[in-house]
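Presented below is the structure to which this report refers.
The values are calculated or read from the model by the stated rules, or taken from the named source; none is laboratory data. Just so it is clear, the model here is predicted, and its values are computed rather than measured. Note: ideal-geometry Cβ built from the backbone for every residue, glycine included; neighbour counts use all protein chains shown. To get the accessible areas, we keep the full protein, side chains included, count just its heavy atoms, and leave off ligands, DNA and RNA. Shrake-Rupley method; radii C 1.70, N 1.55, O 1.52, S 1.80 Å.
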Amino acid sequence: MNPRDSDDDRPGATAGSSSAAPAQQQQQQSLEWRFAQVFGERAAGEDVQEVDIISAIEFDKSGDHLATGDRGGRVVLFERTDARDEHANRRELERQDVPITRHPEFRYKTEFQSHEPEFDYLKSLEIEEKINKIKWCQTANNALFLLSTNDKTIKYWKVQEKKVKQVSVMALDTSRTVGDGTTSRASTSTSEPPLPNGGCSKKSDSLNSDLAFPPGGYPSLRLPVVTNQDVNLVARCRRVYAHAHDYHINSISNNSDGETFISADDLRINLWNLEINSQSFNIVDVKPTNMEDLTEVITCAEFHPTHCNTLAYSSSKGSIRLIDLRQSALCDNHSKIFEEHEAPGARSFFTEIIASISDVKFSRDGRYLLSRDYMTLKLWDLNMDSGPVSTFQVHEHLRPRLCDLYENDSIFDKFECCLSGDGLHVATGSYGNLFRVFGSTPGSTEVTTLEASRNPMRRQIANPTRPTRGTLTSMTRGVRRGGENLGVDANGNSLDFSTKLLHLAWHPTENSIACAAANSLYMYYA
């Protein structure tokens, strides 16, 4: 059970509740992050191939498997190696009162080519093989199932172990061989010319003599022995969901019912059944009659983790809409909208660009929603749509440089975000292969900046004193945290905007983060 499940332990509780004291008691020790593993680490000066750059990361619900997708259309699977021994040894360690310091360890499992480059001849467009999103589906019969998508086509994959069987012992009678190793029957050849259709002018008794039974018959029947020599992982595409989106697919999300999923592009959200790839149902359509009237597009969509009738989608204007599929077939009207109104006079040319939400994630209990725009992370309470309960500054120091970021297109980068399984921390990426972890409990001032490298703390910057929440009024307005300057690294050099950490995922049950820096997958634990 999430420790923040109660209505009184978060900002936005009813007035008069004594939430301040429990909030202080919830203060957690700051997490100390350590390097765990790296896959695909490149040597100093080694060039990175475009097709090898990781474009998607996703843990499954158990946390025992991790999937990554890259720009070359490949999906790589990793499996946890310490999971089998962990549960057996944990009870013994707890009985001996030994602290458990084991962290998740993964190993390469398999990989397969999910998508190939295509060409749309009707629109004269090239369709990249790049994997945009990966989502795990429910497992069955020791097989893994997952969805992967590029810009246009979604595929449903089944990955299963196949045992390779070989004959290890043959039922050969070696006593009937001659000195050169060939059977005696092979030595009985004839110089007679063959007749048409394979006939022979003279019958040979060699066949009958070879099959003659010895006196008394054979004492036993000898059969070949078949043994399992190896186990291969086979990935098979079970279904292809295509021709349903006119624009690029930006997100897919599984429903908690285990039977349906959604796919979203810039203007539409479609509902699919996993077993039916011939049709989908359009549930959200924001395309205007006249495209000149288009003011915003869909940027991300996510199903609620427990309520199969609820989903959220974000827009390029910085709003998040919650819709209920039970209201109507086409959900033109939302049940709730979450947005933060800008201060009067604060609008500029870049206001709408940096307000565009690039990712949304529900907390595991479904009570909270985390959103990432270009400059900030925002945590929303589904029961309070007046504004975010917390706002976390990711790289506020870049605000004076928005013009430069616009010129080099960095301002359009899509950063992902994630929440810890217990909901006490949130994380997102930044430039210079940095990512930031924030404490999300009431009154928390925890902010940690780490670099995707073997030494994640080498560019750690001391955090200045932060304001803490005071009255209930300030709580309901939310608090802005983490605005320290990260414009330079430890050597005083400016950050390289070409190295950015866009994709990361938090382990569902433990404090472990997997993040992608170009073609390398780094894993950290706390």
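Quick one: which strands (runs of 3 or more DSSP E) lie wholly within the stretch 386-443 and hold at least 3 residues that are farther than 23 Å from Lys133 by Cβ and in contact with a Lys or Arg (Cβ under 8 Å, 6 or more places away or on another chain)?
390-393
Tell me, yes or no, whether the stretch 303-314 has at least one residue that is touching a Leu at 6+ places or on another chain (Cβ under 9 Å) and open to solvent by 40 Å² or more (accessible area, probe 1.4 Å).
Yes: one or more hits.
Kindly establish whether Lys287 is in contact (Cβ under 8 Å) with a residue 12 or more places away in the chain, among the charged types (D, E, K, R) and in contact with a Leu (Cβ under 6 Å, 6 or more places away or on another chain).
yes
When you look at Ser253, is it closer than 23 Å to Ser328 by Cβ and in contact with a Leu (Cβ under 8 Å, 6 or more places away or on another chain), yes or no?
yes
Could you figure out which of (1) open to solvent by 20 Å² or more (accessible area, probe 1.4 Å); (2) farther than 23 Å from Asp404 by Cα; (3) at pLDDT 95 or above isn't true of Thr509?
Evaluating Thr509 over (1) open to solvent by 20 Å² or more (accessible area, probe 1.4 Å); (2) farther than 23 Å from Asp404 by Cα; (3) at pLDDT 95 or above leaves (3) as the failure.
Is it the case that the stretch 150-167 has a residue that's modelled with pLDDT under 65 and open to solvent by 70 Å² or more (accessible area, probe 1.4 Å)?
no
Please specify each residue of the stretch 232-244 satisfying the condition of being under 12 Å from Thr149 (Cα atoms) and assigned to a loop (DSSP other than H, G, I, E, B).
Of everything in the stretch 232-244, just one residue is under 12 Å from Thr149 (Cα atoms) and assigned to a loop (DSSP other than H, G, I, E, B), namely Ala242.
Among residues belonging to the stretch 341-359 that are at pLDDT 90 or above and assigned to a loop (DSSP other than H, G, I, E, B), point out the one that is surrounded by the most Cβ atoms within 10 Å (Cβ to Cβ).
Only one residue fits best here, namely Ile357.
Would you be able to say whether some residue in the stretch 367-375 is open to solvent by less than 10 Å² (accessible area, probe 1.4 Å) and of a type in the set (S, T, N, Q)?
There is at least one residue in the stretch 367-375 that is open to solvent by less than 10 Å² (accessible area, probe 1.4 Å) and of a type in the set (S, T, N, Q).
Only one residue in Leu424, Leu419, Leu405, Leu382 is open to solvent by less than 10 Å² (accessible area, probe 1.4 Å) and touching a residue at least 40 places away in the same chain (Cβ under 8 Å). Which one?
Exactly one residue qualifies, and that residue is Leu405.
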